[in-house]
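The values are calculated or read from the model by the stated rules, or taken from the named source; none is laboratory data. Just so it is clear, the model here is predicted, and its values are computed rather than measured. Here the Cβ positions follow ideal geometry from the backbone for every residue, glycine too, while neighbour counts run over all protein chains shown.
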Amino acid sequence: MTLKSTLARITAKSSYWLLHDILHRGGTSLPGKLAVSIDPNILTKIQQDFELIIVTGTNGKTLTTALITRVLQAGGYTVITNPSGSNMIQGITGTLVTAKVKPSPNGQKPVAVLEVDEANVEKIAAAIKPKMFVLTNIFRDQLDRYGEIYTTYDKIIAGIKHAPEAIVLANGDSPIFTRGDFTNERKYFGFNHIQPADYNPTVAPINTDGILSPTDHSVLNYDFITYANLGKYFSTTDSFVRPKLNYQVTSITDLTPKYSTFSIDNTPLRIEIGGLYNIYNALTAFAVGREFNVDPEKIKTAFESNAQIFGRQEALHVDGKDVIIVLIKNPVGTNSVIDMMVTEKDDFSLLALLNANYADGIDTSWIWDAEFEKLHDTNIKAVATGGERYKDLRVRLKMAGFPDQAVYEDLTQIVTAIKSLPTDKVYIAATYTAMLQLREQLGAAGYIKGGF
């Protein structure tokens, strides 16, 4: 370790201590930024202390990363991660450089489970040597940052090529993940919960991305669709079909806003979070656990933990009201959240918060592709809007049939907004920076420790 590297580590750890222990603030980006400013190659130097897993894709990265962490810990591994979604190079550097490194009980290196922003995979993979790439899905998201979905995947492929020995564990229900000219070993997970006799061959809905065959670019058909472009697909013009699945959901028993029960490879499981889309996150974590030889019963125990995940169906109480915070950032994710709300049996209010900062995506036109009209199929009783781009969201919801909205331009009013809504249950759907501002206000009012 050079003097420069040592100084970078000391500075990062000191700033982390100041932020967490003195100021009671979260985040690893600032410590990482300071470390990189002192030693630009610090990430390459410290990565050798860990077995590294890169988790990337459009939706589900944060929850999937958290579930993988729990699963590996249940299997006896020492695990570090970037728990608050600090998924760009500074946050990842900060996570590794401030970690207290010690061997796992089984004598292996600690495992670093790293959520990585899609646009940063190439840069991160060039600096480290991951053991595994985990690919969740790719949907249209923040076009001003990522471009179209094939551009996004090309960035991920460029990263994969930096680590040809790494296993690529991908969502086989996403057609886009079957393409790519890299040489890495590939394994797939997906859904196989519908019997062939119940197949209903169809095409994906209009305005769905990523449904072209990688062989001849024809539009794919599906035996069944789980949501968006995910499902069991096949080509009608040649022999292309969904690849063989190494890990699969074999049945779904219950879908509720609070939990889901299902089986993976005929192992009954339950997760304490709602939504079909979150079963995909659990499936991903199950697959990673089995690749690391974690026993299915230990995975089951890990899933049944009800620990809160940063901003992902995070539940809290505000003066007698049950508040659930969900992140929204693109049409598919928002539609999945709305589908989850359809299963809500209680009356509820919706507080929707829209910002347009870099981390949110500056272009807010995506809200017009989200199916807010489906909220009429729920027990929604009131709608309120807020955030820096509340005017855009207000118009969109008005066009969806919700003309009467309370408006909160200033998020310092957010606690007042929650208290004023007429139902005992409140869903808050917020873009990323709006969620951070929301949590800061809730923290200042004592409802969330530290606000982050």
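Out of I448, I380, report the one residue that is touching a Leu at 6+ places or on another chain (Cβ under 7 Å), at pLDDT 95 or above and not charged (D, E, K, R). Break it down into steps so the answer makes sense when it comes.
Values: I448 fails: at pLDDT 95 or above.
Unique residue meeting the criteria: I380.
Among the residues of segment 69-84, is there at least one that is in the same structural domain as N281 (by TED's automatic domain parsing), surrounded by fewer than 23 Cβ atoms within 10 Å (Cβ to Cβ) and modelled with pLDDT under 80?
Looking through segment 69-84, at least one residue is in the same structural domain as N281 (by TED's automatic domain parsing), surrounded by fewer than 23 Cβ atoms within 10 Å (Cβ to Cβ) and modelled with pLDDT under 80.
Of all residues in segment 129-140 being out of contact with any Phe, Trp or Tyr (no Cβ under 6 Å at 6 or more places or on another chain), surrounded by 21 or more Cβ atoms within 10 Å (Cβ to Cβ) and part of a loop (DSSP other than H, G, I, E, B), which is modelled with the lowest pLDDT?
Filtering segment 129-140 down to residues out of contact with any Phe, Trp or Tyr (no Cβ under 6 Å at 6 or more places or on another chain) leaves 129-134, 136-137, 139-140.
Those still in the list that are surrounded by 21 or more Cβ atoms within 10 Å (Cβ to Cβ) too: 130, 132-134, 136-137, 139-140.
Remaining after also requiring part of a loop (DSSP other than H, G, I, E, B): 130, 136-137, 139-140.
Details: P130: 96, T136: 98, N137: 96, F139: 92, R140: 84.
The extreme case among them is R140.
Is it true that A352 is small (G, A, S), touching a strand residue (DSSP E or B) at 6+ places or on another chain (Cβ under 6 Å) and touching a residue at least 60 places away in the same chain (Cβ under 8 Å)?
yes
Within segment 141-154, can one find any residue that is in a strand (DSSP E or B) and either modelled with pLDDT of 90 or more or among the β-branched types (V, I, T) (or both)?
No: zero hits.
Per-residue answers, yes or no, for (1) of a type outside the set (S, T, N, Q); (2) more than 20 Å from M435 (Cβ to Cβ); (3) surrounded by 15 or more Cβ atoms within 10 Å (Cβ to Cβ):
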residue	(1), (2), (3)
P257	yes, no, yes
S263	no, yes, yes
Y277	yes, no, yes
L283	yes, yes, yes
D295	yes, yes, no
F303	yes, yes, yes
Q313	no, no, yes
L327	yes, no, yes
N335	no, no, yes
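Answer yes if at least one residue in segment 302-311 is modelled with pLDDT of 90 or more and either out of contact with any Gly (no Cβ under 6 Å at 6 or more places or on another chain) or closer than 19 Å to L442 by Cα (or both), and no otherwise.
Yes: one or more hits.
Going through L212, L230 one at a time, which residue ends up being of a type outside the set (D, E), surrounded by fewer than 20 Cβ atoms within 10 Å (Cβ to Cβ) and in contact with a strand residue (DSSP E or B) (Cβ under 8 Å, 6 or more places away or on another chain)?
Numbers: L230 fails: surrounded by fewer than 20 Cβ atoms within 10 Å (Cβ to Cβ).
Answer to the check: L212.
Of the residues that sit in segment 89-124 and are in contact with an Asp or Glu (Cβ under 6 Å, 6 or more places away or on another chain) and surrounded by fewer than 19 Cβ atoms within 10 Å (Cβ to Cβ), which one is modelled with the lowest pLDDT? If you could, list the steps in order and put the result at the bottom.
At the first step, the residues of segment 89-124 found to be in contact with an Asp or Glu (Cβ under 6 Å, 6 or more places away or on another chain) are 101, 109, 111.
Checking which are surrounded by fewer than 19 Cβ atoms within 10 Å (Cβ to Cβ) leaves us with 101, 109.
Numbers: V101: 70, K109: 88.
Ranking the qualifying residues of segment 89-124, first place goes to V101.
Could you check segment 26-68 and list, in sequence order, the residues that are β-branched (V, I, T) and under 18 Å from I167 (Cβ atoms)?
I53, I54, V55, T56, T64, T65, I68
For segment 35-50, enumerate the residues that are surrounded by 21 or more Cβ atoms within 10 Å (Cβ to Cβ) and of a type outside the set (V, I, T).
Passing the criteria: A35, D39, L43, F50.
Those residues that are modelled with pLDDT of 90 or more, in a helix (DSSP H, G or I) and within 26 Å of W366 (Cα to Cα), I need them from segment 401-426; list them, please.
Hits for segment 401-426 are A417, I418.
So which of N82, N41, N59 is of a type in the set (S, T, N, Q), more than 22 Å from L230 (Cα to Cα) and touching a helix residue (DSSP H, G or I) at 6+ places or on another chain (Cβ under 7 Å)?
None of the other options fit; the residue is N82.
Among A359, A434, A429, A382, which is in a loop (DSSP other than H, G, I, E, B), touching a residue at least 40 places away in the same chain (Cβ under 8 Å) and not charged (D, E, K, R)?
Exactly one residue qualifies, and that residue is A359.
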